[in-house]
Amino acid sequence: LWGGYKNYRKDTVKLVDPLVKCKSLYEVFLQYEKDGIMARLDTSTIPEVFKGATIDKSELAGFKSIKDVVRLGRVTSITSDEIKLEKGVVPLPASPADTLFVDCMADMDGTLYGYRHPEDFKIFDGDQINLGPVVVSFNISCSSAIIAYIESTFADDSEMRNNLLYFGRGENHTKPDFKMFFSQFYYQSKTFNALGAYPPAMQFVLNSRTFLDAPCHHYLGLPGFIWAMVGPSQMAKKANKFVERVESGDFPDCQDCFGVAGRKLPEPKDLKIKEKSKVKSNYPPQKKLKPKSKFGLNCCASVDIVNAVEKSGDPTNMNGAVKSNA
């Protein structure tokens, strides 16, 4: 639900606590619904499809106002007098010429928009990189950034590189149902645990603007992040507890670790780092800054204004300097 989070750090507790306390993944889903994080169009049925769609409460209310709902699968064809679906037919209330049909069906080939990958799928495959899998929950940008970091940092060893990444493979572990959300959270935790064997890798993640939890995006920055992880909320401990529950088979609706049962995390000795290039990088490009002013300011966007204040000789005349500079 859009707007389900009012305060990111505090409300994230609502996301993690049920993973530790609830007896099944489905019970976790229902708790999310009570807490206003997730929602169902019809609370009388168990949803068969979950793809992480975002909707606000007013839109949800609008959809729920529709009472004439047909649950007979996808439309297969439309004739002059009926709509044929996978599990039955619905007669047309009027002629086709007087009826408007809106096709909202998607994912007709069953590939889940590229998220479904075969059991033998590899991201690093010899001299090529196969893009597609998401290793950070519902975050394509951060997943891509991590893959690029691995390619540029670790030696050209596909097996070693692939051992750093966790994601769903095969039809059974890429189904777009409510369990997919929890599997992505699990894969993300395992990927971060694997990257943790090389501390600079996690430093890269925590400083990445593509990472939603990055300290730069939130109040109090790094101290706030550390407080959330190891303070009273104990987010790090609870995330690890969720991983332990999955791997011990504690959830009755997940008995195979989302397809990665028995896979061991890499150890520091297993990782080989690329030799640093002797060619000096020009990225990011360095801006030449003007000398620092006697007022202690050095912002590129305000250099001209600072100079105008200096010329006036009156450090309190900032408004006049802005007007003259404009």
The answer for TYR166, listing residues at least 5 apart or on another chain whose modeled amide H is closer than 5 Å to its amide H, is THR191
Would you tell me the accessible area of GLU171, worked out with a 1.4 angstrom probe on the heavy atoms of the protein chains, in Å² to the nearest 10?
120
Surface per residue (accessible, 1.4 Å probe) for region 52-165, Å²
64
With the full set of protein chains in place, find how many percent of the accessible area of region 70-173 is carbon and sulfur; take the probe as 1.4 Å.
52
Cα convex hull volume per residue for region 149-258, in Å³, equals 133
Ignoring ligands, DNA and RNA, how do CYS104, CYS257 rank by accessible area with a 1.4 Å probe, largest first?
CYS104, CYS257
Cross-link table LYS10/LYS122; LYS21/LYS51; LYS14/LYS87, entries beyond 28 Å C-alpha to C-alpha:
LYS10/LYS122; LYS14/LYS87
Zone reached by a paramagnetic label modelled 7 Å from ASN130 Cα along Cα→Cβ, restricted to region 172-189 with backbone N below 20 Å, covers 172-176, 184, 187-188
Name the residues whose placed amide hydrogens come within less than 5 Å of the amide hydrogen of GLU82, ignoring near sequence neighbours (fewer than 5 apart) on the same chain.
LEU92
May I ask for the equivalent-ellipsoid semi-axes of region 1-112, computed as the square root of five times each C-alpha gyration tensor eigenvalue and listed largest first in whole Å?
36, 16, 13
What is the set of long-range amide H partners of MET38 at a cut-off below 5 Å, with H atoms built 1.01 Å from backbone N?
GLU33
In whole percent, what relative contact order does region 131-223 give with Cα contacts below 8 Å and a gap of six or more residues?
30
In a shell of Cβ-Cβ distance under 11 Å around LYS122, excluding LYS122 itself, what net charge do Lys and Arg (+1) and Asp and Glu (-1) give?
-2
Probe 1.4 Å - accessible area at LYS57, Å² to nearest ten
130
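The values are calculated or read from the model by the stated rules, or taken from the named source; none is laboratory data. Keep in mind that this is a model prediction, so the values were computed, not measured. With ideal geometry, Cβ positions are generated from the backbone for all residues, glycine too; neighbour counts draw on all protein chains shown. Areas reflect the complete protein model, heavy atoms only, side chains present, ligands, DNA and RNA absent. Shrake-Rupley method; radii C 1.70, N 1.55, O 1.52, S 1.80 Å.
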